[in-house]
1. Filter the stretch 52-78 down to the residues that are assigned to a strand (DSSP E or B) and crowded, with 17+ Cβ neighbours inside 10 Å and list them by number.
2. Of 120, 49, which residue is assigned to a loop (DSSP other than H, G, I, E, B), out of contact with any strand residue (DSSP E or B) (no Cβ under 9 Å at 6 or more places or on another chain) and at pLDDT below 95?
3. Among the candidates 32, 12, single out the residue that is buried (at least 16 other Cβ atoms within 10 Å of the Cβ), out of contact with any helix residue (DSSP H, G or I) (no Cβ under 8 Å at 6 or more places or on another chain) and modelled with pLDDT under 90.
4. Could you grab me the full set of residues in the stretch 77-94 that are in contact (Cβ under 8 Å) with a residue 40 or more places away in the chain and within 20 Å of residue 54 (Cβ to Cβ)?
5. Name every residue in the stretch 79-90 that is over 17 Å from residue 38 (Cβ atoms) and surrounded by 14 or more Cβ atoms within 10 Å (Cβ to Cβ), in order of residue number.
6. Kindly evaluate residue 93 against the criterion of being at pLDDT below 95 and surrounded by 14 or more Cβ atoms within 10 Å (Cβ to Cβ).
């Protein structure tokens, strides 16, 4: 059965509504508001809504952490390989930056976890 003019209008309105709502749904839960900083001295919570910089004392030295524009990153660390520094800034719920030699892990909290890939 062919589509009528009314069917075309209905489908067009449905597609338009989906395109308008899609950015709102896609951004919901995509950024966490807080980060958990776990180190040898304990666990603390840091807001990602305000820019800040602080130092975490690790096992072998200091880890300089920067919170900027809703992201968190390790700017400088006393570890030999600097993997935590090269990780860069993270903001997605579930994302983490780890300085293993110093025993410092920064994890983004949030409702939804974003995935890097999906396998079927």
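The values are calculated or read from the model by the stated rules, or taken from the named source; none is laboratory data. A quick note: this is a predicted structure, and the numbers were derived from the prediction, not measured. Cβ: placed from backbone, ideal geometry, glycine included. Neighbour counts: every protein chain shown.
1. Matches in the stretch 52-78: 56, 63, 65, 67, 71, 72, 73, 74, 77.
2. 120
3. 32
4. 91
5. 85, 89
6. So residue 93 fits the description; yes.
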